[in-house]
Amino acid sequence: MGLSAAGMASGLDIAGMTQQLVAAERKPKADRITTQQKQVNVSLSAYGQVKSSVSAMQSMLEKFGKDEAFNGQKATSDNSDYLSIKATAKAKSGVYNINIQQMAQSHKLMGKELFSADPEASLGNGEMVIKVGDKSITLNIGEDNDDLSSVVDAINNADDNPGVTATLINTGKDGGSQIVFSTKETGEKNTIEIDTSAMTGQLASLAYNADMPEAERKVEQMQAAQDAKIMIDNFTTVSSSNNTFEDVIEGVTLDLKKLTGTSGADNPDTDDIDVKSVKITIESDEKSTKDSLKSFVDSYNSLMGTIDKLTGFDADKDPDDPNRAGALNGDSLTRSVTTQMRNLLNEPIEINGKLYQMSDFGISIQRDGTLELEEDSDKLDDIISENFAVIGQFFAQEDSGFLAKADKLLDGFTDKTDGSLSVKEETLKERQKSLDDDMTDLNKRMVAYEDRTYKQFLAMDEAIGQMNNQLSSMMSLMMSFD
């Protein structure tokens, strides 16, 4: 700060005086900005807690909707080694016996002839047409791709491959390898046909279709294309192109693992299997509903607890206690979350012409705004059992159910674009930035003020030095007259 000799003429501590004046000028302005920054930071943190709690509850409600938490059906198989089962809320309670008569399988062919693996060997040329179901591909085999490896690659790498894979089996014989064709999808419709009528050479031997006379075939069927077949309750037979049956029984997915046994069918492969059928049971998942109700109550009470803590006021605490009032005490926006949620909880929902409320399902609203679930477990079980279908509709009914209404309400607070809590957060962040800019501007002004003040003191010191020099000269002159 200036020259170290500053103040020598006047004897004043110019540097110290400058610092004191700058500090006195800066303090009230800096304190005002700092106080406002602290207030904004506290409010921003508090709103963040509220928004986080609201978002957590919203996420839970969305998960409830996806998981069909209040109207789920429980499906069990008495032998999951043979058949596994899943059920949605659309499934109706019931018991069924399933016989697994046939597993779905892909079509698989093998060429009888052996093909040389020598990359220089020419196996033929022309057009090979391969068809799977109603899709087909035409391969043009010429001099540049008429060896065994190139032909296999041409089939497998074709952009319009109809769903067939070509592989090679090395027989270990001098003749070379056999070509195997297999479909990627199972089912009777996914059968392979190979037309080599426009081909020459050894590749022409790969022709195959089901109508060819056996004596003319040089390709044998290793595995037939086959649908899966099941019989339900020894009465209804149903087939599927794969081993998964969806909605054969409404809302139920069956995943077949292996064949069940037969009785008196003279089929040694299945007559000797002890498990003749698999029993599946579909019933209301009342335990899941009970757990979901408890989770809902706990989540709601957690949200209300967070809001009460941030907006509350404890008159019993000392007036100087910083925890006497919550960070959002008196904040209307935060209180509106509580008010609107309470209103929604009290709003009846119509189901099949009748109005229902939370209290009909063992949930009561307390005087402090929290929720309480029926404490008597047996009584709650009875309530759920008697109202199972209604509970599911009350919560999960499209558009008019509680989950849909609550999600829409909470989205009005948390939406990133126009949610009121999100907008408030953005406003506070802008205010935070503005205050940071104010502090930066103040620091710049104080640097300029310090420089200006220091120069003024230097000028004063210089003036005092000049006066002292003049006074000294006058005193010397006067003393010379004696």
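The values are calculated or read from the model by the stated rules, or taken from the named source; none is laboratory data. Please read all numbers here as calculations on a predicted model, not as lab measurements. Ideal geometry is used to build each Cβ from the backbone, glycine not excepted, and the neighbour counts take in all protein chains shown. Surface accessibility is based on the protein's heavy atoms, side chains included, excluding ligands, DNA and RNA. Shrake-Rupley method; radii C 1.70, N 1.55, O 1.52, S 1.80 Å.
Please specify each residue of the stretch 172-220 satisfying the condition of being farther than 30 Å from PHE245 by Cα, under 50 Å from the mean Cα position of the chain (by Cα) and hydroxyl-bearing (Ser, Thr, Tyr).
SER177, TYR208
Counting just the residues of the stretch 135-150 that are surrounded by 15 or more Cβ atoms within 10 Å (Cβ to Cβ) and among the charged types (D, E, K, R), which one comes out farthest from ILE179 (Cα to Cα)?
For the stretch 135-150, the residue satisfying everything is ASP146.
Within the stretch 208-247, take every residue that is of a type in the set (D, E, K, R) and in a loop (DSSP other than H, G, I, E, B) and give me the one that is nearest to SER150 (Cα to Cα).
By that ranking, first place goes to LYS218.
Among residues belonging to the stretch 154-207 that are in a strand (DSSP E or B) and charged (D, E, K, R), point out the one that is surrounded by the fewest Cβ atoms within 10 Å (Cβ to Cβ).
Applying the filter and picking the extreme gives LYS173.
Can you find, within the stretch 78-101, the residue that is most open to solvent (accessible area, probe 1.4 Å) among those that are within 32 Å of the chain's Cα centre (by Cα) and closer than 18 Å to GLY261 by Cβ?
Among them, the one singled out is ASP81.
Taking only the stretch 309-335 into account, find how many residues are free of Cβ contacts under 8 Å to residues at least 24 places away in the same chain and not charged (D, E, K, R).
Of the residues in that region, 10 qualify.
I'd like to know if the stretch 107-122 contains one or more residues that are more than 17 Å from GLN226 (Cβ to Cβ), aromatic (Phe, Trp, Tyr) and either modelled with pLDDT of 95 or more or not in a strand (DSSP E or B) (or both).
Taking every residue of the stretch 107-122 in turn, none turns out to be more than 17 Å from GLN226 (Cβ to Cβ), aromatic (Phe, Trp, Tyr) and either modelled with pLDDT of 95 or more or not in a strand (DSSP E or B) (or both).
Quick one: what pairs do we get from the stretch 54-65, first residue under 12 Å from PHE395 (Cα atoms), second open to solvent by less than 40 Å² (accessible area, probe 1.4 Å) and among the aliphatic types (A, V, I, L, M), C-beta under 7 Å, 6+ apart or different chains?
LEU61/LEU403; LEU61/ALA406; PHE64/LEU403; GLY65/LEU403
If LEU139 satisfies every condition in (1) hydrophobic (A, V, I, L, M, F, W, C); (2) farther than 30 Å from ASP266 by Cβ; (3) touching a residue at least 40 places away in the same chain (Cβ under 8 Å); (4) not in a helix (DSSP H, G or I) but one, which is the exception?
Just one mismatch for LEU139, condition (3).
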